[in-house]
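Peer 1: This is the structure, below, for whatever I ask next.
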Amino acid sequence: MEKEATPLSPGKGQGARLFLSFVVKEARHILRDKRTMLILFGMPVVLMLLFGFAITTDVKNVRTVVVASEMSIRTQQAIERLAQSEYFVITQTVNTPQEAEQLIRSQKADISLIPSGEGNGHIRWQVMVDGSDPNMAQQWTTYAQSILMQPVGSKGPSPRAERLGVRLLYNPQMRSAYNFVPAIMGMLLMLVCAMMTSISIVREKERGTMEVLLVSPVRPLMVIIAKAVPYLVLAFAILITILLMARFVLDVPLAGSLFWIVAVSTLYILLALSLGLLISNVAQTQLVALLLSAMVLLMPVVMLSGMLFPVESMPQVLQWLSAIVPPRYYIQAMRKLMIMGVGIGDVTREVAVLAGMTVVLLAIALKRFNVRLE
């Protein structure tokens, strides 16, 4: 079958103007769609607020019941110190452990504290806790232990208190926002870049206008790049929005170099755009592109990237699967750069993996694109 005659290649100046016209065309299309703009900029703000304030694993207002059958002055001082913290609220005082257990079983208390005597400069405690949520139960116990085991009425810490002391690096308040902000960055940038890019290109195919664009004087590769440029700009706008909200709304520190945070994010955005281009080669309709993006991006990002659940705690098979999920490495890199404040040398592994994935995905996507043209 004979190939159609291709038009004469335009000059450099004319080609640049045509390329710019494609970029402006795509940007105008995005700006005209108010619903898309609302999703692109509304979703980051809503998710940041939800994960920063509503969906939180921070310890606050834990309902605490105290068994006061053996309450000495030192014990009372320890309980007062616990009540003065922002983490625990003393709701009741009972006489027996059985009463405390009944309050926990009836969901009227979360944790009970039972003093069981004093010795060697410290108070011995028994703790009863609602273990229906094991993660929260662990946090409640750790918080209560760190407060109660502080020495009372002595000039120096007792040996027992020193052994039980807890020191938290990078996040002394144990705020969940420190964990969620890098995760939200990884999820949003992947969804916006990959999903929106794939849908944009598939939309042209669905309407039959892609063929018209491809026979224009501009090379087909330049057409695809021109369609991706507006989403690249939008991704940077979303990245800046997230960083500003993290710093000034959620009080999450940017301990590392802002330059390297942006540089690694740029690499990740290019990877997401490459994945979006690959999806657009496979999908023939916008609905298929949306479903593919949801299956390939959303569920793996949430479940296997370490966003909500530690990868190390997963079964070995799922750990192997998570190794091919790009957001896993970006989230790890952002946690190190933003929260721990390390240099770029400490995230070379993550950067190398992201760079390798970008090269592979872009090569496959462009290869498939050229095959379809031929």
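Peer 1: Dipole magnitude of the range 302-373 about its Cα centre, charges +1 at Lys/Arg Cβ and -1 at Asp/Glu Cβ only, in debye to the nearest 20?
Peer 2: Values: 7 positive and 3 negative charges, 68 e Å.
The calculated dipole for the range 302-373 is roughly 320 debye.
Peer 1: For the range 223-233, what does the Karplus curve 6.51 cos²θ - 1.76 cosθ + 1.60, with θ = phi - 60°, yield as ³J(HN,Hα) per residue in whole Hz, taken in order and with x for Gly and Pro?
Peer 2: Coupling constants for the range 223-233: 5, 5, 4, 4, 6, 7, 4, x, 6, 5, 5 Hz.
Peer 1: Give me, ordered by chain and number, the residues 5 or more places off residue 88 or on other chains with an amide H under 5 Å from its own placed amide H.
Peer 2: 61, 62
Peer 1: Using only alpha carbons, build the gyration tensor for the range 270-342 and give me the equivalent ellipsoid semi-axes, biggest first, whole Å.
Peer 2: Result for the range 270-342: semi-axes of 26, 16, 9 Å.
Peer 1: Using amide H atoms built 1.01 Å from N in the peptide plane, name the residues 5+ places from residue 116, or on other chains, whose amide H lies under 5 Å from its own.
Peer 2: 124, 125, 126
Peer 1: Using θ = phi - 60° and the Karplus curve 6.51 cos²θ - 1.76 cosθ + 1.60, what whole-Hz ³J(HN,Hα) does each residue of the range 258-268 get, with Gly and Pro shown as x?
Peer 2: The phi angles translate into 5, 4, 6, 4, 5, 5, 5, 5, 4, 4, 5 Hz.
Peer 1: Which shape class, rounded, prolate or oblate, goes with the range 241-288 when its Cα gyration tensor gives a ≥ b ≥ c as root eigenvalues, a/c under 1.5 marks rounded, and past that a/b bigger than b/c marks prolate?
Peer 2: oblate
Peer 1: Rounded to whole Hz and in sequence order, give me ³J(HN,Hα) for the range 325-338 from the Karplus expression 6.51 cos²θ - 1.76 cosθ + 1.60, θ = phi - 60°, writing x for Gly and Pro.
Peer 2: 9, x, x, 4, 6, 5, 4, 4, 5, 5, 5, 6, 6, 7
Peer 1: Moving to a separate point now. Using 0.36 nm per residue of separation minus the Cα-Cα distance, give me the extension gain between residue 25 and residue 101 in nm, one decimal.
Peer 2: On the way: separation 76, 0.36 × 76 = 27.36 nm, distance 6.72 nm.
Between residue 25 and residue 101, full extension yields 20.6 nm more.
Peer 1: I'd like the accessible area for residue 28, computed on protein heavy atoms only with a 1.4 Å probe and all protein chains in place. Round to 10 Å², please.
Peer 2: 150
Peer 1: Also, quick follow-up: Between residue 94 and residues 5 or more places away or on another chain, which pairs have amide H atoms under 5 Å apart, with H built 1.01 Å from N, and which residues are they?
Peer 2: 66, 67, 68
Peer 1: With a 1.4 Å probe and every protein chain kept in, tell me what percent of the accessible surface of the range 218-273 is carbon plus sulfur.
Peer 2: Carbon and sulfur: 78 percent of the exposed surface of the range 218-273.
Peer 1: Compute the relative contact order of the range 232-374 as a whole-number percentage, counting only Cα pairs closer than 8 Å that sit 6 or more residues apart in sequence.
Peer 2: Once divided by the residue count of the range 232-374, the mean separation gives 36 percent.
Peer 1: Over the range 306-358, give the accessible area per residue in Å² for a 1.4 Å probe, as an integer. Provide the component values of the computation, followed by the final result.
Peer 2: Numbers: 2450 Å² over 53 residues.
Counting only protein heavy atoms, the per-residue value for the range 306-358 is 46 Å².
Peer 1: Can you tell me how much longer the chain between residue 324 and residue 364 gets when fully stretched, taken as 0.36 nm per residue apart minus their C-alpha distance, in nm with one decimal?
Peer 2: 12.8 nm
The values are calculated or read from the model by the stated rules, or taken from the named source; none is laboratory data. The structure displayed is predicted, hence computed values, not measured ones. Using ideal geometry, Cβ is built from the backbone for each residue, glycine included, and neighbour counts are taken over all protein chains shown. Ligands, DNA and RNA are excluded from the accessible area calculation, which covers all protein heavy atoms including side chains. Shrake-Rupley method; radii C 1.70, N 1.55, O 1.52, S 1.80 Å.
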